[in-house]
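Read the structure below first, then the notes.
The values are calculated or read from the model by the stated rules, or taken from the named source; none is laboratory data. As the structure is a prediction and not an experimental result, all values here were calculated from the model. Note: ideal-geometry Cβ built from the backbone for every residue, glycine included; neighbour counts use all protein chains shown. What goes into the accessible areas is simple: the full protein's heavy atoms, side chains included, and nothing from ligands, DNA or RNA. Shrake-Rupley method; radii C 1.70, N 1.55, O 1.52, S 1.80 Å.
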Amino acid sequence: MPEGLLPSFRCFPSAKQGGSWPLRITPPTEGSLDRESWHRLIEVLTAHSPAGPDTPCLAYYSPLMLRNPDFENPHVRAGRLGDAGDLYDNPEVEFGPSNLWAEDRSWVLCTDYDLWATKVAGPVPLVEALMADPEIEAVRLPWAP
């Protein structure tokens, strides 16, 4: 590591494959949740949704996250919340969806690539459940009506 610099993925040039991150170090998910957090969040959303796993949902992947970006034809996918875990394994992307929301708009999830965060907005019991969950790292953002 160069003198005076903090450790980063650039400090290990000999341990890289194809100019990527160092071997055995998984890069950050760029705002998207990791697989375990994604599945846990779906469980919490399911517990706080009107129809549980049968809650109709919509999902959107930003074209920036797609392996083959198509800015002219954005797609919104429709399905059940109980099947939302599968969205993480979409072969067209390496991350979870950019947005996921209940069709009745009772809650919404938004992944922010630039801020490396996933935001969830919804009713107070849902927010409190997320804040109290031991497996989800959460902070409450200020809100003003």
> Any idea which residue in the stretch 29-59 is most open to solvent (accessible area, probe 1.4 Å), counting only those that are over 16 Å from residue 83 (Cβ atoms) and in a loop (DSSP other than H, G, I, E, B)?
Replying inline: 50
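Only residues that are of a type in the set (Asp, Glu) and outside any strand (DSSP E or B): list them for the stretch 104-123, please.
104, 114
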> Only one residue in 85, 79 is of a type outside the set (A, V, I, L, M, F, W, C) and either under 13 Å from the mean Cα position of the chain (by Cα) or buried (at least 19 other Cβ atoms within 10 Å of the Cβ) (or both), so which one is that?
Replying inline: 85
> What is the residue count in the stretch 93-103 for residues that are open to solvent by less than 90 Å² (accessible area, probe 1.4 Å) and in a loop (DSSP other than H, G, I, E, B)?
Replying inline: 4
>> If I filter the stretch 60-69 for residues that are in contact (Cβ under 8 Å) with a residue 60 or more places away in the chain and open to solvent by 60 Å² or more (accessible area, probe 1.4 Å), do I get at least one hit?
In response: no
> Of the residues that sit in the stretch 130-145 and are open to solvent by 100 Å² or more (accessible area, probe 1.4 Å) and in contact with a Lys or Arg (Cβ under 9 Å, 6 or more places away or on another chain), which one is nearest to residue 37 (Cα to Cα)?
Replying inline: 135
> Does any residue in the stretch 87-112 that is farther than 20 Å from residue 123 by Cα and at pLDDT 85 or above come within less than 9 Å, Cβ to Cβ, of a residue that is open to solvent by 50 Å² or more (accessible area, probe 1.4 Å) and assigned to a loop (DSSP other than H, G, I, E, B) six or more places away or on a different chain, and which pairs are these?
Replying inline: 98/113
> Which of the residues that make up the stretch 71-85 are modelled with pLDDT under 90 and not hydrophobic (A, V, I, L, M, F, W, C)?
Replying inline: 72, 73, 74, 75, 85
>> For the condition of a type in the set (Val, Ile, Thr) and either crowded, with 16+ Cβ neighbours inside 10 Å or over 13 Å from residue 60 (Cβ atoms) (or both), what is the one hit in 127, 108?
In response: 127
